[in-house]
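Here is the structure we will look at, set down as structure tokens.
The values are calculated or read from the model by the stated rules, or taken from the named source; none is laboratory data. Not measured: the values here are computed from a predicted model. Cβ coordinates were reconstructed from backbone atoms using ideal geometry, including for glycine residues, and neighbour counts include every protein chain displayed. Keep in mind that these areas ignore ligands, DNA and RNA; they rest on the heavy atoms of the full protein, side chains included. Shrake-Rupley method; radii C 1.70, N 1.55, O 1.52, S 1.80 Å.
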Amino acid sequence: MSQPSVTLQLLQERFASVIREVHSLHGDDTVVVEPGANLEVLQFCRDEPRLAYNVLVDLTCVDYLDYPDREGQPRFEVVYHLYSLEHNHRVRIKCPVAAEDPTVATVVELWPIADWLEREAWDMFGVNFAGHPDMRRILMYEEFEGHPLRKDYSISRRQPLVGPKN
Amino acid sequence: MAEEPQTEEHVDSLASRVVGEGEEGELQFRDMFLNMGPAHPAMHGIVRILVRLDGETVLGADVEIGYLHRAFEKSCEVGGYNQAIPYTDRLNYVSPIINNVGYAMAVEKLFGITTPERCQYILTLMSEISRITDHLTCIGASAMELGAFTVFLYMIEAREFLYDLVEEVTGARLTVSYGRIGGVKADLPDGFEQECREAIERVRKIIGECHGLLTKNRIFIDRMRDVGVISPERALAYAFTGPMLRSTGVNYDVRKAQPYLVYDRMDFIVPLGTNGDNYDRYLVRMEEIEQSCRIIEQCLEQIPPGPIFADLTGEPIETERMLELAKHKESFKDLYEVKVDIAPTLQGSERIFHDVVATDDRRAFLPPKEEVYENIESLMNHFKLVMFGHGIEPPKGEAYQAVEGANGELGFYVVSDGSGQPYRVRCRGPCFNFLAALHEMLIGDMVADVVPTFGSVNMIGGELDR
């Protein structure tokens, strides 16, 4: 195995208590943090000069409901992909979210693009982002029921189209 | 294009908008709301922009997307890995091959497959052709919206030369489905190099003419310069990529920063703007077309040959020598096989082409059709890859692969649970970020500037709404 990257070393030093797992599968540095620790880890990633992850490339969610060998683990994972323009490196931060209370802290304060990305994650998965300023559906229409990318939302389920109001 | 306000309260407010009386008798003005879209003639794409106006000045804008949502990510989860390829065509339908490449490379990353060199050159070359078609469409359409109809026709003509090439290689103009996990569908057709060079020459000529029509055109400059400005800081805060980011002067191009395929062997420059306005975006795109042409030419120079009648030195192989070589299996590997004339299958995907256009990893790529007909192992292999409940099965894990799409970083995040269906496919399209920041670019400009700014953003509905 090669040496862990600067990112993983630094994060493990700094956040040893809240990091569940790190790996570099296929060359993608990945950090799994404890639920509720996403904001401080992300803030550190952005502000620490040796990391300088200034771009939130992507924010998405994965529903692990049907994933094999994952009993007892939280159902959702919110996945952040960060990129540092200065150091030209990437990291993936994953934050597990329990099904009973699917809430994580918003990162809109750190990156404005998180506004829309979190709206999409909520729209598609029903994961709440505590502190988000303007939580509305973004891809689906307001009257839509449920969250279509959840694994228990059947792909064949149909909902009536809602016509214009006036 | 103003849509009438919808409630009675709004009608009242409209009547009192221009002049009203406040408590102390002073004149009062109200903002006006203008609804552009979802089906606005100047909006190529279905999106709704609700702008708040003071006279003709934009005070605020609310962008509403989702009109073209087709559940791309959900649909990917119910089919096999290769069955998602046609869906990726429909993400950015102006440069579909780049989407094929991005998705296929993400899955290849899960497997740990590398594709043959010739395949990588083909994909690089085709990606650049796609990039040119995308930029031509963007510039042509936004010029037309400013009244430069000639430019639109010229550019669409140039695009057609390239689509002819694409059609010859892939069999389709737009929905190409050319990429495969672990390779491409078929090799380049005969005589492609010559045709490609001619097409590039014609495109260059047309681009020169368009430069003459637009770049120093007073009307065009007045409409574009200092309009739709965004600062580098805000652009990065919204995770802009591609020409939109580079027009602000930030040097980030996935092809340079994290080279994939054979981009590290290509000599090209990344054009940068300074102001981050519509005019700089136009200039960056025009220059990128030229750089893409250069990359295509270098690909044509460097691409390793496909199957030919000759050996490595270019000499035709005598039968006796072939027999001699066959005794030493090692050296036989380096030889090119003889081309067959009768194609029992799709041209360019015969057995002899397989080594150069596809991985030899049989977990991912279908065996040549001739072998499927001829021996039981390949037949089983074929069925294992196409049958329901089997298919291409990457090991458990996750991978994110970014490629430089025509609009910016196109990323695919694929999670595999080890079965034949992707557990999760996430597409990170570049347009989403532009639309999220569109209101910042519009505020302070005139209502007539909405259209060129929106044009220069180059929103592609398929990629935006997925």
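Quick notes on this structure:
For every residue, the table says whether it meets (1) within 30 Å of B:Tyr252 (Cα to Cα); (2) more than 12 Å from chain B (Cβ to nearest Cβ); (3) over 14 Å from the mean Cα position of the chain (by Cα).
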position: A:Arg70; (1), (2), (3): no, no, yes
position: A:Glu77; (1), (2), (3): yes, no, no
position: A:His87; (1), (2), (3): yes, no, yes
position: A:Ala98; (1), (2), (3): no, yes, no
position: A:Asp101; (1), (2), (3): no, yes, yes
position: A:Leu139; (1), (2), (3): yes, no, yes
position: A:Lys151; (1), (2), (3): no, no, yes
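- Of all the listed residues (A:Asp134, A:Asp66, A:Asp47, A:Asp123), the sole one being within 9 Å of chain B (Cβ to nearest Cβ) and surrounded by fewer than 18 Cβ atoms within 10 Å (Cβ to Cβ) is A:Asp66.
- Residue in the range A:18-25 that is surrounded by 15 or more Cβ atoms within 10 Å (Cβ to Cβ), assigned to a strand (DSSP E or B) and touching a Ser or Thr at 6+ places or on another chain (Cβ under 8 Å) present: yes
- Within the range B:174-191, the residues that satisfy the criterion of being open to solvent by less than 60 Å² (accessible area, probe 1.4 Å) and either in a strand (DSSP E or B) or more than 17 Å from B:Phe365 (Cβ to Cβ) (or both) are B:Val176, B:Gly179, B:Gly183, B:Val184, B:Leu188, B:Pro189, B:Gly191.
- Where a residue in the range B:240-256 is closer than 20 Å to B:Leu438 by Cα and its partner, wherever it lies, is open to solvent by less than 10 Å² (accessible area, probe 1.4 Å) and of a type in the set (Val, Ile, Thr), with Cβ under 6 Å and at least six apart: B:Pro243/B:Val284; B:Arg246/B:Val284; B:Ser247/B:Val284
- Number of residues in the range B:130-173 that are closer than 20 Å to B:Arg204 by Cβ, in contact (Cβ under 8 Å) with a residue 60 or more places away in the chain and either open to solvent by 50 Å² or more (accessible area, probe 1.4 Å) or among the basic types (Lys, Arg) (or both): the value is 2.
- From the options A:Glu86, A:Glu77, residue that is surrounded by fewer than 15 Cβ atoms within 10 Å (Cβ to Cβ) and not small (Gly, Ala, Ser): A:Glu86
- Qualifying residues in the range B:250-270 (those that are away from chain A (no Cβ under 14 Å) and not in a loop (DSSP other than H, G, I, E, B)) - the one surrounded by the most Cβ atoms within 10 Å (Cβ to Cβ): B:Tyr263
- Those residues of the range B:413-443 which are farther than 21 Å from B:Asp277 by Cβ and either out of contact with any strand residue (DSSP E or B) (no Cβ under 7 Å at 6 or more places or on another chain) or of a type in the set (S, T, N, Q) (or both), in sequence order: B:Ser416, B:Asp417, B:Gly418, B:Ser419, B:Gly420, B:Gln421, B:Phe432
- Condition check for B:Ile230: outside any loop (DSSP other than H, G, I, E, B) and open to solvent by less than 40 Å² (accessible area, probe 1.4 Å): no
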